[in-house]
1. Go through Phe261, Phe255 for me and flag whichever is touching a residue at least 60 places away in the same chain (Cβ under 8 Å), under 16 Å from the mean Cα position of the chain (by Cα) and in a helix (DSSP H, G or I).
2. Within the stretch 158-187, track down each residue that is open to solvent by less than 10 Å² (accessible area, probe 1.4 Å) and free of Cβ contacts under 8 Å to residues at least 24 places away in the same chain.
3. Of the residues Val119, Val115, Val149, which single one is in a helix (DSSP H, G or I) and either in contact (Cβ under 8 Å) with a residue 60 or more places away in the chain or surrounded by fewer than 16 Cβ atoms within 10 Å (Cβ to Cβ) (or both)?
4. Counting just the residues of the stretch 250-281 that are modelled with pLDDT under 90 and basic (Lys, Arg), which one comes out farthest from Ala240 (Cα to Cα)?
5. Could you figure out which of (1) aromatic (Phe, Trp, Tyr); (2) in a helix (DSSP H, G or I); (3) surrounded by fewer than 17 Cβ atoms within 10 Å (Cβ to Cβ) isn't true of Phe155?
6. Determine, yes or no, whether Arg204 is on the phi < 0 side of the Ramachandran plot, among the basic types (Lys, Arg), surrounded by 17 or more Cβ atoms within 10 Å (Cβ to Cβ) and part of a helix (DSSP H, G or I).
Amino acid sequence: MSALDPNRPSDLPVLLPFALPKDRPAARLRPAHLWLLAGLALVALPAWAQGGAAALSPLEVVIKWAPLLLTGFAFNVAISLMAMAIGTVAGIGLGLAMLAEGWILPRLAWCVTQVFRNVPWLVLLFFVMFLVPFQITVFGLRVPLPDWVKATFGFSLPVMANVAEIVRGAVRSVPNTQWEAAESLAFTRRQTMWRIILPQCAKRMLPPWMNVYSLIAMATVQASIVGVTEMLTLTAQVHAAEGGRPELFAPLYGFALLCFFLYCYPIDRFTAALERRFETR
């Protein structure tokens with residue numbers, strides 16, 4: 001085959017989107033043509049940019065946003081730990097109140113326990129979020145109460161009720177001979193409770209207490225409904241930032257599911273091991 005001859009029009013590459021008649025020379029681009037090309041470029045550039053962003057695979061999107069999502073998950077864990085600490089302290093006091101002598105205090109503590117145990121946790125969360133003020137004044141100093149603080153107190157209420165029932169059941173499970181032996185040694189009721197009964201109840205209370213914590217850790221995603229920026233809220237924001245692509249639903253929310261599973265499953269296994277260990281003694 002012979003080389004291309006630049007003097008022959010048929011051998012030149014066609015650069016224009018239309019064919020020119022052979023008896024007419026190529027015309028120069030007019031200003032109107034330049035404006036048309038500029039307009040097409042302005043229209044094509046945003047579309048090209050969107051196409052480039054949408055080209056990320058679901059796995060790449062998860063990897064890209066994983067640090068932010070893990071930050072939200074750490075916030076879920078922090079809320080669950082604080083709610084568990086507050087609820088445990090309050091629950092021990094409420095459980096001991098149900099075991100107190102007298103008539104008014106045990107019945108009042110029993111009513112409080114039953115109310116917070118048998119109300120949906122989301123209802124308690126809304127109850128705290130809308131009834132607790134956004135700030136309180138203590139000795140002339142204004143203390144703000146952000147949404148995550150109120151959500152923490154909202155989750156601590158069912159923890160309190162469940163821990164109170166755990167304490168009551170553990171104390172009742174101790175044989176009466178322990179009380180009789182302490183009474184024969186001239187221990188007071190308070191000394192018997194704190195020095196003899198409660199130490200024996202620790203191993204009985206630990207497995208159900210850990211089960212309550214697992215439930216609280218999984219329930220913290222409900223805080224997204226009341227505006228707390230935790231993992232589920234960030235997952236929805238990431239999905240919107242990526243254009244709301246339907247194929248990203250399963251990877252993004254599956255990543256959240258995986259994080260909670262990897263956190264709660266070892267707790268469940270450890271709880272089961274403690275139950276087997278304490279049953280053999």
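1. Working: Phe261 fails: touching a residue at least 60 places away in the same chain (Cβ under 8 Å).
Of the residues listed, the single one that is touching a residue at least 60 places away in the same chain (Cβ under 8 Å), under 16 Å from the mean Cα position of the chain (by Cα) and in a helix (DSSP H, G or I) is Phe255.
2. The one that is open to solvent by less than 10 Å² (accessible area, probe 1.4 Å) and free of Cβ contacts under 8 Å to residues at least 24 places away in the same chain: Ala182.
3. On the way: Val119 fails: in a helix (DSSP H, G or I); Val149 fails: either in contact (Cβ under 8 Å) with a residue 60 or more places away in the chain or surrounded by fewer than 16 Cβ atoms within 10 Å (Cβ to Cβ) (or both).
Only one candidate qualifies: Val115.
4. Among those residues, the one meeting the criterion is Arg281.
5. (3)
6. Details: on the phi < 0 side of the Ramachandran plot: yes; among the basic types (Lys, Arg): yes; surrounded by 17 or more Cβ atoms within 10 Å (Cβ to Cβ): yes; part of a helix (DSSP H, G or I): yes.
When the stated conditions are applied, Arg204 passes them.
The values are calculated or read from the model by the stated rules, or taken from the named source; none is laboratory data. Fair warning: this is a prediction, and the values are worked out from it, not measured in the lab. In this analysis, Cβ positions are derived from the backbone assuming ideal geometry, glycine residues included, and neighbour counts consider all displayed protein chains. Note: areas computed on protein heavy atoms with side chains; ligands, DNA, RNA excluded. Shrake-Rupley method; radii C 1.70, N 1.55, O 1.52, S 1.80 Å.
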